[in-house]
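Enquirer: Would you mind keeping the following structure in view while I ask a few things?
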Amino acid sequence: MSISQIARSIGESATLKLNEKAAILRAKGDPVIHLGGGEPKSRAPVDAIVAAAALLNSGEVRYTPADGTPEMKAAIIRYTEEFYGRRVSPEMVMASGGAKQAIMSCLHAILNPQEEVIFPAPYWVSYPEMVKLCGAVPVPAPPEDGTFYPRLADITQRVGSYTKAVIINSPNNPSGAMYSAEFIRDVVEFCEKEGLYLIMDDIYHRLIFDGRRPINAYEYAKDLSDQSKLVIINGVSKQYAMTGFRIGWAVANPELIEVMTNIQSHETSGPAGVLQRAAVAAINGVQSGVENLRLTLENNRNVMIEQLKSFDGVKITRPDGTFYCFADFRAYEKDSTKLCNFLLEKVQVVTVPGIEFGMEGYLRLSYCGSIKEITEGVERMKWALDPNSPNELYIGDRKLVRDW
Ligand SMILES: Cc1ncc(COP(=O)(O)O)c(C=O)c1O
C-alpha cells in the first residue's frame, strides 16, 4: 500500500493504545485503575445539556458558519473579555472541533514545509505530530536546569532562520507546571521582536491551585494591532468537563482567522451546531461547576502528592494546576514504556510513559479520578516496585503474588 511520507511519520497515540489495553483487561474482569486519563470525571454543566437537548428536539440541526455560530463567537468574545480583559471583534475568533483542531488549523495556516516550531519539554503528546502533519519540524526545548520551568534562553537558543512559531502550554500537560508571569512576558516580548507566531495553549488556565491567578499573555503584548502574531487557544473540554463535546477556539488577528477558517471550512465545515449550542450555554451559564472541579482537583493533587512522597526514590514536582503529575521513576526503571506496561500487567494500574511527552524515565499520573483510585493506584504501584513489599497483595478477594 502506498502511504504518504507525512502520514508515515505520524506515530500512533500511546494514550489510546493504553486505553485499549486497559479496556481489554477490564472486559476480562481485571480491577483496572486508570491513572492515565486526560478528562475530568464530573458531569457536563446542566445548562449545556439542556441547551443541546433543546436544539436536538427541534430536529432543525443544520450546517453552521465554518468559524462558528454568531452565538458561539459572541460567547468566545465574552469569555475573552472576562478572562483576558480584551474586547476582540468577531473577525478575530474561530470556534473549532476542540482546542486540538484550533491548534491544527493554526499550524496549517502558518507553516511551510521544513519550518520549525519550538515548544518546551515536557510537552503535550500531540504537538510534535501536529507540526509533522504540516511537513514542518518540531523542536522540543527541555529546560536546561532540569526543571519543568523553562527560561527564555531555553527557547532562544533553538531559534534559527527556519523558526516560525513557539507553542506555550501553561499550566502544562503533563507536568502541571504553571510558568511564571516573567517567563510569559519574556516569551511574548521575544516573539514580537523576532516576528514569530506565539501560540498560547491555555486549555487548563482556570484549573490552577494554591491561590494562583491565570496568566494573560495579552497583558505583555505591545502589538495588539491586526498584525499581532499572538494566538490564544482555549476550549470547554477541561474546565467544563466537556471533552466529548469537542468545542475549542482560537483568538488571533483577522487575517490569520480568515485563513484558518478557510482551512477548517474545507476540512470539516466547522464544529457541530448542537455542540456549539452546548458550549455557549456552558460559557454563559452557571460557573460554579468550574470552581467545584478546580477545588476537587486541588484536593486530589494534595492526596496524590502525599501518597507519592512515601514512595522512596520517586521524585516529584508539585503540580501548580491541571490534573496531572509527572513523576520521575528513573530510580526504578529508566524505560518508561517498559515500566508502564509492567504496572498495567502486574497490578492493573494505567499510567502514561514519559517518553511520549519528551522525557524518558517519567510517568504521567492523572488525579482526575476518585480519591480511592488515586490512593489505591499509588499503593499498588508501590507494592509492585518496592523490593521490600510483602510478597502478597489483596485487591478485593483477589490475591496477587510477586513473581518478579
Ligand atoms: C495541552 C492540551 N492542549 C489541547 C488539548 C485538546 O483539547 P480539546 O479536547 O479541546 O481538543 C489537550 C487535551 O488533552 C491538552 O492537554
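FYI, it's all coordinate maths here, none of it is from the lab. All figures in this text were calculated on a predicted structure; none of them were measured in a lab. Heads up, the Cβs are rebuilt from the backbone with ideal geometry, glycines too, and the neighbour counts pull from every protein chain shown.
Enquirer: Taking a cut-off of 15 Å, what percent of all Cα-Cα pairs in the range 92-161 are separated by more than that?
Expert: Cα-Cα pairs in the range 92-161 separated by more than 15 Å: 57 percent.
Enquirer: Same structure, new question: Taking a threshold of 30 Å on the Cα-Cα distance, which of the pairs Lys132/Lys238; Lys17/Lys132; Lys28/Lys132; Lys28/Lys309; Lys132/Lys334 fall above it?
Expert: Result: Lys28/Lys132; Lys28/Lys309 exceed 30 Å.
Enquirer: Against the 2.2 N^0.38 Å scaling, with N counting residues, where does the range 164-312 land? I'd like the Cα-based Rg ratio to two decimal places.
Expert: That ratio works out to 1.19.
Enquirer: Mind putting a number on the dipole of the chain about its Cα centre? Charges go on the C-beta only, +1 for Lys and Arg and -1 for Asp and Glu, and I need it in Debye to the nearest 20.
Expert: Dipole about the Cα centre, nearest 20: 820 debye.
Enquirer: What net charge do the residues around Ile257 carry, taking every other residue with its C-beta under 12 Å from that of Ile257, with Lys and Arg at +1 and Asp and Glu at -1?
Expert: Computed value for this residue: -4.
Enquirer: Give me the percent relative contact order of the chain, please, defined on Cα pairs under 8 angstrom at least 6 residues apart.
Expert: 23 percent
Enquirer: Within the range 230-268, what residues put their amide N at less than 14 Å from the label point 7 Å along the Cα-to-Cβ vector of Ala54?
Expert: Zone members listed by number: none at all.
Enquirer: Ignoring everything except DSSP H segments at least 4 long, calculate the 222 nm mean residue ellipticity for the chain; use -39,500 (n - 2.57) per segment, divide by total residues, nearest 500.
Expert: After summing the helix terms and dividing by residue count, I get -12500 deg cm²/dmol.
Enquirer: Based on alpha-carbon positions alone, could you give the equivalent ellipsoid semi-axes of the range 46-108 from the gyration tensor, as √(5λ), descending, whole Å?
Expert: 23, 16, 11
Enquirer: Can I ask one more? Run a plain Debye calculation on the range 98-241 (Cα atoms as equal point scatterers, no solvent) and give log10 I(q)/I(0) at q = 0.15, 0.18, 0.19, 0.21 Å⁻¹, rounded to two decimals, same order as the q list.
Expert: For the range 98-241, the Cα-only Debye profile gives -0.71, -1.07, -1.21, -1.51.
Enquirer: Further question on the same structure: Note down the relative contact order for the range 188-299 as a percent, whole number, built from C-alpha pairs under 8 angstrom at least six residues apart.
Expert: 27 percent
Enquirer: If you don't mind, there's one more thing I want to ask. Can you give the convex hull volume per residue for the Cα atoms of the chain, as a whole number of Å³?
Expert: 159 Å³
Enquirer: Cα axis of helix 371-385 to longest principal axis of the chain: angle in degrees, 0 to 90, nearest 10?
Expert: 50 degrees
Enquirer: I need the per residue convex hull volume for the range 302-404, using only the alpha carbons, in cubic angstrom as a whole number.
Expert: Per residue, the Cα convex hull of the range 302-404 comes to 97 Å³.
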